[in-house]
Amino acid sequence: MSEQPQPVAADRHTDTGAGRGRLGRRRRGAESVMVPDVEFTSYYGRPVLKAAPWSADIPAYLFLGGLSGGSALLAAGADLTDRPALRRTARLGAASSITASFGLLVHDLGKPSRFVNMLRVAKVTSPMSVGTWILSAYGPLAGLAAAAELRQLVPRRLQPLARLLGFAGRPAGLAAAALGPAVASYTAVLMSDTATPAWHEAHRELPFVFVGSAASAAAGLGMLGAPVTEAGPARRFALVGAAVEIVAERRMESSMGLAAETLHEGTAGTLMRASKALIAAGALGSLVASRSRVVAAVSGAALLGGSACARFGIFHAGQQSARDPKYTVVPQRERLDARNST
């Protein structure tokens, strides 16, 4: 995520859509003259904000990071309750998805050295800096836990290494699980810390949406990869994740004000509707998935798809809100009017 949206400077003689006197009423002596609604435009048709210059790499990075964090948590639970097939699925899923997520991030940055350069300092006030250190600590732990699942593939002459991996698997898995919620949610803090209206206005609920989405995705992967006899924790995780995601999304939409429109329009609207339908279907399917491997697989795929649609939908909603000056200008005017009226 190479740069954040920044305001575009407007000419001081140009009406940006928030022109004084064009909204509400214009005073002329004792009279108030109603002014027609205006179309929100900006200087030479340029938006007030620059949309983030991010490609599809970034929403995919958001989804895979959430999947990894949720899977690490599910793997720890499977390990502690002696469910080896579920543990293996979740550990391998956590390691592979965080590797892919990291690859997408580096591709967006342009070259690996830029990620390494961010490790030169640690700033607790910077979501990007904190996220970089979280990924740097989490990735090796998730990888070590996954390697423990593959120790049977180690050649016989390297059996001491295989035994070492066996001993390290549980501690590494538990440590990765402790960082899992942060891996799943730090990107929400990173996005809401930008000037992009739809993301910034969702700053209170967006981390909860991402955590619920991560739990749903991890549960879906567990239901796909583990036999139904071991997938009980994944099915329960699906119900919890779906409930958190649905409730948090509703709260988010009600608190976003005007920017919530972007969640219902265009590409973002299509993706968010698909997400809700898939998450609901996956959660309902998880209630009966213990009886059928096919139902478990279909429900798991629905949960994974719903989580991915949510991340892509929220991403597109933010981009749309940055391109349309209405979502920047109207809330600013409302806040200014509220201050002036007190």
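The values are calculated or read from the model by the stated rules, or taken from the named source; none is laboratory data. Here the structure is a predicted model, which means the values were calculated and not measured. Ideal geometry is used to build each Cβ from the backbone, glycine not excepted, and the neighbour counts take in all protein chains shown.
Note on the range 305-342: residues that are more than 14 Å from GLU265 (Cα to Cα), under 25 Å from the mean Cα position of the chain (by Cα) and not in a helix (DSSP H, G or I) amount to 1.
Being over 25 Å from VAL209 (Cβ atoms) and either more than 32 Å from the chain's Cα centre (by Cα) or modelled with pLDDT under 80 (or both), is that true of even one residue in the range 47-63?
There is at least one residue in the range 47-63 that is over 25 Å from VAL209 (Cβ atoms) and either more than 32 Å from the chain's Cα centre (by Cα) or modelled with pLDDT under 80 (or both).
Only one entry of ALA308, ALA322, ALA302 meets the criterion of being in contact (Cβ under 8 Å) with a residue 60 or more places away in the chain, buried (at least 19 other Cβ atoms within 10 Å of the Cβ) and in contact with a Gly (Cβ under 6 Å, 6 or more places away or on another chain), and that entry is ALA302. Residue check: SER307 meets all listed conditions (1) among the hydroxyl-bearing types (Ser, Thr, Tyr); (2) in contact with a Ser or Thr (Cβ under 6 Å, 6 or more places away or on another chain); (3) at pLDDT below 95 but one, namely (3). Just so you know, in the range 94-128 the residues that are out of contact with any Gly (no Cβ under 9 Å at 6 or more places or on another chain) and of a type in the set (Val, Ile, Thr) include one that is modelled with the lowest pLDDT, and it is VAL116. Of all residues in the range 326-342, those that are more than 16 Å from ALA260 (Cα to Cα) have Cβ atoms under 7 Å from Cβ atoms of residues that are outside any helix (DSSP H, G or I) and of a type outside the set (Ser, Thr, Tyr), 6 or more apart or on another chain, in ARG333/ALA18; ARG333/LEU23.
Set side by side, the residues ARG27, ARG22, ARG91 differ, and just one is surrounded by fewer than 23 Cβ atoms within 10 Å (Cβ to Cβ) and either modelled with pLDDT of 75 or more or in a loop (DSSP other than H, G, I, E, B) (or both), which is ARG22. If you go through the range 94-117 and keep only what is more than 21 Å from the chain's Cα centre (by Cα) and part of a helix (DSSP H, G or I), you end up with PRO112, SER113, ARG114, VAL116, ASN117. Scanning the range 123-159 for residues that are of a type in the set (A, V, I, L, M), closer than 14 Å to SER68 by Cα and within 21 Å of the chain's Cα centre (by Cα) turns up ILE134, LEU135, ALA137, ALA142. The residues of the range 138-154 that are out of contact with any helix residue (DSSP H, G or I) (no Cβ under 6 Å at 6 or more places or on another chain) and either in a helix (DSSP H, G or I) or at pLDDT below 85 (or both), listed by number, are PRO140, GLN152, LEU153. Note on the range 196-220: residues that are surrounded by 24 or more Cβ atoms within 10 Å (Cβ to Cβ), part of a helix (DSSP H, G or I) and not hydrophobic (A, V, I, L, M, F, W, C) amount to 5. Which one is surrounded by the most Cβ atoms within 10 Å (Cβ to Cβ), of the residues in the range 70-88 that are within 16 Å of MET223 (Cβ to Cβ) and among the charged types (D, E, K, R)? Taking the candidates together, the pick is ARG87. I'm trying to understand the selection: among the residues of the range 221-234, which are part of a loop (DSSP other than H, G, I, E, B) and touching a residue at least 12 places away in the same chain (Cβ under 8 Å)? Passing the criteria: ALA226, PRO227, VAL228, GLU230, ALA231.
Of the residues making up the range 236-252, those that are touching a helix residue (DSSP H, G or I) at 6+ places or on another chain (Cβ under 9 Å) and surrounded by fewer than 24 Cβ atoms within 10 Å (Cβ to Cβ) number 10. The residue that is nearest to the chain's Cα centre (by Cα), among those in the range 259-281 that are small (Gly, Ala, Ser), farther than 10 Å from HIS316 by Cα and buried (at least 17 other Cβ atoms within 10 Å of the Cβ), is SER275.
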